[in-house]
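Quick notes on the structure that follows.
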Amino acid sequence: MPHTRTTAEWQAADAAHFLHPFTDFKALAAKGSRIITKAEGIYLWDSDGHKIFDAMSGLWCVNVGYGQRSLIDAATRQLETLPFYNAFFQTATPPAIALAEKIASLSPPGFEHVFFTGSGSEGNDTIVRMVRRYWDLLGQPERQVIISRQNAYHGSTMAGASLGGMVDMHSQGGLPIPGIVHIDQPYMVEHAQPGESRDDFGRRAASWLEAKITEMGADKVAAFIGEPIQGAGGVIIPPDTYWPEIQRICDQHGILLVSDEVICGFGRLGEWFGSQRLGFKPDLMTFAKGITSGYIPLGGVLVGERVARVLIDQGGDFNHGYTYSGHPVACAVALANLQLIEEQGLVQRVRDDTGPYLARQFLALQDHPLVGEAETCGLMGAIRLVRRKAQGAQAAEAFGSDQPAGMLCRAHCFGNGLIMRAVGNRMIVAPPLVMTTVQIDEMMALIRRCLDLTWTEVQALGWV
Ligand code: PXG
């Protein structure tokens, strides 16, 4: 679209008509939005011509970076051939069939079937309907309860927001819906006991699932859902002992295990799926975002054989689906995206090259006076800002609730052409998988500059 208006004109029209997601409408209208007008590779440009380093891949999704010709061409070709047809009423389109086949070929053994949706939230709504349908078909309709975690993010529909554990979301609109309960997240900063090892903490955090199952009654529990690494919650990387123990507990009680791969899937952690990196074997996986690198909306659920066999062999109609389930243009773009990821070896590159390189750079950040811990997994990383670093046996001291250091840091990122997310006082990156080590150096220089500016500011404010 041609940029026929000035920034101020765009902002005025935006404030007059566009209600943004997760936004204080009045405050944004007073301040004015940042208008993004174009992108190439790992960079964005705003309507004033500023170049911005996108360390968040759009919104955890632009895995192959911006401007990839093969995705653009795939969309154009499909729009010309068949812009839409549905997958209801015993029909299908070639891109949807080919994509389901392709995803099955990339997924771990035991995944042969895919249900398409328009987004990650719709994928998780599908999970709720599907796991309850599964237990109904097995003659155990009382298995309704789905266990999730505090501070999880599983989307913003009624079911997605209920599965999520975001307090601010639950406080609006009567959530969570019935039958969804939460256990604490495996976040050591919040929950570790003095002197507890990482491995011991991981096992103890997993034991909260066992306790919740006992509380609810195992015969009432349908499934447990979790992100391999919590993304929107602040890149919470669990100890290595956590997921295998979660798996053991689910297996022991026959409970379905669901991996929400919306962020961690399609190479983010150096494997095709995050559950492979974190060492567990789910029964179902939700995906979205990276499946099309965000070029066009698409989500879905990968259905493992345990569930698929029951739905297919005993099922009858499954009364669920969306107009855009298997949208041909979205599926064509996804196919081109997966082909590009394979051709460029991006998953291996993250595992063997850029992931370990980023990990070393983040480790080096730990000498910064503001940094409590800096940790990564694949191309996902978080820096916890603290008011006093750990000293000997003395744990690091967090900023007070009236000291939003993360917000200050984010403002410096904004001012210095770097996009990072702030979740409380955790500063987060999830850059495009095409990023080179040279570009990682560029990002680290920007991060250090923003940390230095934040450090100067918190000193001036007397927060440290
Ligand atoms: N599951 C996970 C793990 C997600 O991260 C969804 C489901 C929902 O996907 P859709 O496509 O319905 O948005 C997500 C989305 C943030 C942020 O601020 C994260 C998401 C969405 C919006 C903002 O980090 N994740």
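The values are calculated or read from the model by the stated rules, or taken from the named source; none is laboratory data. Treat the numbers as computed from the prediction; the structure is a model and nothing was measured. Heads up, the Cβs are rebuilt from the backbone with ideal geometry, glycines too, and the neighbour counts pull from every protein chain shown. These accessible areas exclude ligands, DNA and RNA; they are computed on the full protein's heavy atoms, side chains included. Shrake-Rupley method; radii C 1.70, N 1.55, O 1.52, S 1.80 Å.
Give A395, A374, A336 a once-over and let me know the one that is more than 16 Å from the ligand (Cβ to nearest atom), over 20 Å from N124 (Cβ atoms) and open to solvent by 20 Å² or more (accessible area, probe 1.4 Å).
After ruling out the rest, the residue left standing is A395.
Looking at (1) within 15 Å of N124 (Cα to Cα); (2) in contact with a Gly (Cβ under 8 Å, 6 or more places away or on another chain), which one does G226 not meet, given that it meets all the others?
Going through the list (1) within 15 Å of N124 (Cα to Cα); (2) in contact with a Gly (Cβ under 8 Å, 6 or more places away or on another chain), G226 breaks only (2).
Here are P238, P228: which of them is touching a residue at least 40 places away in the same chain (Cβ under 8 Å), touching a Leu at 6+ places or on another chain (Cβ under 7 Å) and within 16 Å of the ligand (Cβ to nearest atom)?
The conditions single out P228.
List the residue pairs whose Cβ atoms are under 6 Å apart, where the first residue sits in region 33-51 and is more than 20 Å from L433 (Cβ to Cβ) and at pLDDT 95 or above, the second is open to solvent by 60 Å² or more (accessible area, probe 1.4 Å) and among the charged types (D, E, K, R), and the two are 6 or more positions apart or on different chains.
The qualifying pairs are W45/K38; W45/K51; D46/R34.
For region 276-312, name all the residues that are assigned to a helix (DSSP H, G or I) and touching a Leu at 6+ places or on another chain (Cβ under 9 Å).
Q276, R277, L278, K289, G290, I291, R306, V307, V310, L311
Across region 412-437, what is the number of residues that are farther than 19 Å from F266 by Cβ and of a type in the set (A, V, I, L, M, F, W, C)?
Number satisfying all stated conditions: 8.
Can you name the condition, by its number, that M56 falls short on among (1) outside the structural domain of G415 (by TED's automatic domain parsing); (2) surrounded by 12 or more Cβ atoms within 10 Å (Cβ to Cβ)?
The number of the failed condition is (1).
Condition check ((1) charged (D, E, K, R); (2) assigned by TED's automatic domain parsing to the domain that holds D125) across all residues:
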site: D313; (1), (2): yes, yes
site: Q339; (1), (2): no, yes
site: R351; (1), (2): yes, no
site: L358; (1), (2): no, no
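Take the residues of region 208-221 that are open to solvent by 50 Å² or more (accessible area, probe 1.4 Å) and not basic (K, R): which is nearest to A159 (Cα to Cα)?
Taking the candidates together, the pick is M216.
Would a scan of region 212-231 turn up a residue that is of a type in the set (S, T, Y) and part of a helix (DSSP H, G or I)?
Within region 212-231, one or more residues are of a type in the set (S, T, Y) and part of a helix (DSSP H, G or I).
Just one of (1) within 12 Å of the ligand (Cβ to nearest atom); (2) without any contact (Cβ under 8 Å) to a residue 24 or more places away in the chain trips up G155, so point out which.
With respect to (1) within 12 Å of the ligand (Cβ to nearest atom); (2) without any contact (Cβ under 8 Å) to a residue 24 or more places away in the chain, G155 is out only on (2).
Do we have any residue at all in region 357-368 that's in contact (Cβ under 8 Å) with a residue 60 or more places away in the chain, open to solvent by less than 30 Å² (accessible area, probe 1.4 Å) and assigned to a strand (DSSP E or B)?
Scanning region 357-368, I find no residue that is in contact (Cβ under 8 Å) with a residue 60 or more places away in the chain, open to solvent by less than 30 Å² (accessible area, probe 1.4 Å) and assigned to a strand (DSSP E or B), so the answer is no.
Restricting the search to region 111-135, which residues are within 15 Å of the ligand (Cβ to nearest atom), of a type outside the set (D, E) and part of a helix (DSSP H, G or I)?
Those that are within 15 Å of the ligand (Cβ to nearest atom), of a type outside the set (D, E) and part of a helix (DSSP H, G or I): G120, S121, G123, N124, T126, I127, V128.
Check region 159-173 and report whether any residue there is open to solvent by 20 Å² or more (accessible area, probe 1.4 Å), charged (D, E, K, R), within 16 Å of the ligand (Cβ to nearest atom) and assigned to a helix (DSSP H, G or I).
yes
Consider region 174-188. How many of its residues are surrounded by fewer than 19 Cβ atoms within 10 Å (Cβ to Cβ) and part of a loop (DSSP other than H, G, I, E, B)?
Total satisfying the criteria: 6.
With respect to A98, determine if the residue is assigned to a loop (DSSP other than H, G, I, E, B), in the same structural domain as S259 (by TED's automatic domain parsing), out of contact with any strand residue (DSSP E or B) (no Cβ under 8 Å at 6 or more places or on another chain) and away from the ligand (no atom under 16 Å from the Cβ).
No; evaluated as a whole, the condition is false for this residue.
Each row is one residue, and each column tells you yes or no for (1) aliphatic (A, V, I, L, M); (2) in contact with a helix residue (DSSP H, G or I) (Cβ under 6 Å, 6 or more places away or on another chain).
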residue	(1), (2)
R69	no, no
T91	no, no
P94	no, no
A100	yes, no
P109	no, no
E112	no, yes
I127	yes, no
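Within region 285-305, how many residues are in contact with a Phe, Trp or Tyr (Cβ under 8 Å, 6 or more places away or on another chain) and within 12 Å of the ligand (Cβ to nearest atom)?
Residues meeting the conditions: 10.
Which one is nearest to the ligand (Cβ to nearest atom) among residues in region 266-284 that are under 25 Å from V62 (Cβ atoms) and charged (D, E, K, R)?
Once the filter is applied, the top-ranked residue is R268.
State whether one or more residues within region 37-45 are of a type outside the set (V, I, T) and more than 30 Å from L269 (Cα to Cα).
Within region 37-45, none of the residues are of a type outside the set (V, I, T) and more than 30 Å from L269 (Cα to Cα).
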